[in-house]
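Notes follow once the structure below has been shown.
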Amino acid sequence: MILAYKPGRVWPLLQVRMVRVKDFAGVKYYPTVKLKFLTGRKGKMGVIQEIDRHLEKMVIDIGPRPTGSKNNRKAYNYIGREMASYGFAVEKQEFDCIDWFPGGASFLMEGREIRLKEADYTLPCNLGGKLHCIENIEQLRKSDIQGELVFLFGELTREPLMPKKFPFYNPPEHKRIIALLEEKNPGAILFASCSKESLVPLIEDGDFNIPCAVVPVKEQEYLLGNKNSPVRLVIKSSRKPARAANIISRGWGEKPRIAVSAHLDTKPFTPGALDNAVGVAAILVLGKLLGPGRLKNQLELIAFNGEDYFSNAGEVVFSEKSLSEPGDYLLGVNIDGIGYLEGQTGFSFFELCEEKRSRIRKITKKIPGICEIAPWPQGDHMVFVGCGIPAVAITSTQVFGILESVIHTPEDRLEIVDRKKIAECVAFLVEWLTDL
């Protein structure tokens with residue numbers, strides 16, 4: 001839907017002037033944005049109020065929004081409606097996925113209840129008997145554990161395993177462990193956490209059909225010392241087939257396109273303020289500021305749906321449907337985790353030419369809160385980089401220190417978000433993109 005705005009209208013968050021722009025629907029009036037935000041308090045607060053509106057919608061009104069869930073649909077439909085109201089042509093890029101319903105888990109050993117958490121996307125179980133403890137791949141290879149309850153620790157739990165169908169990165173060693181587990185076919189699997197600080201599961205995979213749960217590392221000694229005691233594991237969960245969608249909002253202009261992205265989904269138990277309602281708020285405000293026709297190159301604003309989903313389903317379908325011709329894209333900019341109360345906003349370059357790097361450095365030199373950081377390979381910017389498209393990743397410099405303690409947990413709330421830093425990041429993007 002393309003909306004015609006009345007000449008003379010002034011938005012609360014920016015000044016606009018009206019120009020005549022031809023599009024496929026004829027000649028209409030559209031707003032174009034001055035390169036700078038209003039310097040007055042009213043205009044500045046307008047930007048922050050707009051950011052607040054989107055943050056509250058995503059984090060408080062909607063809340064946790066794992067891919068495939070009802071809340072996830074609310075989130076991407078909200079983004080689509082907002083982008084359409086700004087005049088963008090909106091595509092709902094749909095794909096198949098799983099909607100997972102957690103119901104809790106319990107583990108009893110010698111009558112003592114051990115703290116644990118079911119792995120995201122696991123199947124349910126109610127299994128008792130003896131606990132078989134396996135430390136390395138050689139023990140796993142020699143084991144006879146069909147239908148039994150197994151505890152994995154030691155070498156096997158040094159790092160989380162990639163989902164079996166994960167397309168972007170999947171080491172051979174990970175594939176061997178998964179294949180062996182499926183061949184041995186235990187009734188259920190417990191594993192020691194891959195982190196001493198929090199519960200990080202070895203396996204988190206909706207395509208893996210053996211029930212599994214994770215226990216704290218500190219419980220490992222107790223489990224090994226009482227492995228011959230009777231145990232019972234109960235996991236209450238269910239899966240059902242579902243559909244979800246990326247939201248692709250395109251303006252008009254010349255190819256190659258400029259893509260700016262942020263993922264909208266979360267893990268199942270987190271409201272996802274920093275991860276990544278902040279990015280969604282940024283692209284929505286950017287869309288309203290720039291409009292669909294402000295840039296010479298076509299602007300494409302992407303709300304990815306699947307960055308926190310086990311198989312990155314949204315990113316896979318985007319790669320297949322939108323990146324079949326990588327030459328259609330000039331660059332990709334991904335926003336994830338900006339606005340943390342501590343530290344600065346950090347950007348990193350991936351295959352970006354020196355001319356564009358120099359321009360970004362020149363702009364951000366005037367902004368004390370934004371700085372260059374070392375490249376980090378975790379994020380949706382790698383969707384572009386993997387296709388040879390130059391990219392810029394934007395995040396918070398201190399977010400890496402809270403990946404296990406806050407991100408993906410119920411603690412990822414609005415209280416740790418600085419709205420001014422988000423506005424500052426958007427202002428930087430407006431100046432840079434309009435100058436490309």
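Size estimate for the chain follows the Kirkwood approach: the inverse of mean 1/r over distinct Cα pairs works out to 23.2 Å. Less than 5 angstrom separates the built amide H of CYS133 from those of PHE151, all sequence-distant by 5 or more or on a different chain.
For region 400-436, list residues with backbone N below 20 Å from a point placed 7 Å from the Cα of LYS365 toward its Cβ? Within reach of a label on LYS365, which here means backbone N under 20 Å from a point 7 Å along Cα→Cβ, region 400-436 contributes 425, 427-436. On the beta carbon distance between LYS240 and LYS175, with R0 = 41 Å, the FRET formula returns roughly 0.90.
Phi angles of region 343-352 translate, via the Karplus equation with coefficients 6.51, -1.76, 1.60 and θ = phi - 60°, into HN-Hα couplings of x, 10, 8, x, 10, 9, 9, 9, 6, 8 Hz per residue; Gly and Pro are given as x. With the helix formula -39500 (n - 2.57) applied to DSSP H stretches of n ≥ 4, the chain reaches a computed 222 nm mean residue ellipticity of -7500 deg cm²/dmol.
With a Förster radius of 60 Å applied to the beta-carbon distance between ILE145 and CYS353, the computed FRET efficiency rounds to 0.65. Restricting the calculation to alpha carbons of region 99-241 gives Rg and Dmax of 14.0, 43 angstrom. Here's the picture: charge each Lys and Arg Cβ at +1 and each Asp and Glu Cβ at -1 in the chain, and of ILE258, PHE318, GLY287 the one pushed furthest to the positive end of that dipole is GLY287. In a reduced charge model with +1 at each Lys and Arg Cβ and -1 at each Asp and Glu Cβ, region 99-241 shows a dipole moment near 180 debye about its Cα centre. Cross-link pairs exceeding 20 Å between alpha carbons, from the set LYS164/LYS321; LYS74/LYS267; LYS288/LYS420: LYS164/LYS321. Taking the longest Cα principal axis of the chain as reference, the axis of helix 354-364 is set at about 80 degrees. Database remark: amide H of LEU331 closer than 5 angstrom to the amide H of ALA259 (H placed geometrically; neighbours at sequence offset of 5 or more, or on other chains; Pro and chain starts carry no H).
Here the dipole of the chain is about 2140 debye; that uses its Cα centre as origin and unit charges on the Cβ of Lys and Arg (positive) and Asp and Glu (negative).
All of the numbers you see were taken from the coordinates with simple rules; none came from a lab. Fair warning: this is a prediction, and the values are worked out from it, not measured in the lab. Cβ atoms come from the backbone with ideal geometry, glycine included; neighbour counts cover every protein chain shown.
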